[in-house]
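The values are calculated or read from the model by the stated rules, or taken from the named source; none is laboratory data. The shown structure was predicted, so the numbers you read here are calculated from the model rather than taken from an experiment. Note: ideal-geometry Cβ built from the backbone for every residue, glycine included; neighbour counts use all protein chains shown.
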Amino acid sequence: FFAENAVLDGVVIFASAWGVILMRLFLSGRGFEAGAAISALVWAPLSAAATALVGALLFAVLRPLLKPARA
């Protein structure tokens, strides 16, 4: 199901990338600094969106190679 739906792939990649960035920001102790809100609410989603776009494009381009071989 995931391999056939590029939009769902993009959403999953976006959410996981943004989650990783937020966890790294807060677990490093920088989550409570002055610029953390801008980083968490502006730059992290932009970075996650770029990652999701590239990931979805790669899945779409490489889809024929990712299909399982028929026995």
Positions within the stretch 21-43 being crowded, with 17+ Cβ neighbours inside 10 Å and either of a type in the set (Lys, Arg) or under 10 Å from the mean Cα position of the chain (by Cα) (or both), in sequence order: Ile21
query: List, please: which pairs have Cβ atoms under 9 Å, are six or more places apart or on different chains, and start with a residue in the stretch 48-59 that is of a type in the set (Val, Ile, Thr) and loosely packed, with under 13 Cβ neighbours inside 10 Å and end with one that is assigned to a helix (DSSP H, G or I) and modelled with pLDDT of 90 or more?
result: Val54/Ile13
statement: Looking across the stretch 6-20 at residues that are β-branched (Val, Ile, Thr) and exposed (fewer than 15 other Cβ atoms within 10 Å of the Cβ), the single one that is farthest from the chain's Cα centre (by Cα) is Val7
statement: Reported set for the stretch 45-61 where residues are among the hydrophobic types (A, V, I, L, M, F, W, C) and either modelled with pLDDT under 95 or over 13 Å from Val20 (Cβ atoms) (or both) is Leu46, Ala49, Ala50, Ala52, Leu53, Val54, Ala56, Leu57, Leu58, Phe59, Ala60, Val61
field: Hits in the stretch 29-60 (condition: among the small types (Gly, Ala, Ser) and not in a helix (DSSP H, G or I))
entry: Gly29, Ala34, Gly35
- request: Give me the pairs, please: first residue somewhere in the stretch 1-26 and in a helix (DSSP H, G or I) and small (Gly, Ala, Ser), second residue anywhere and surrounded by fewer than 14 Cβ atoms within 10 Å (Cβ to Cβ) and at pLDDT below 85, beta-carbon distance under 6 Å, and either six or more positions apart or on two chains.
  value: Ala6/Ala60
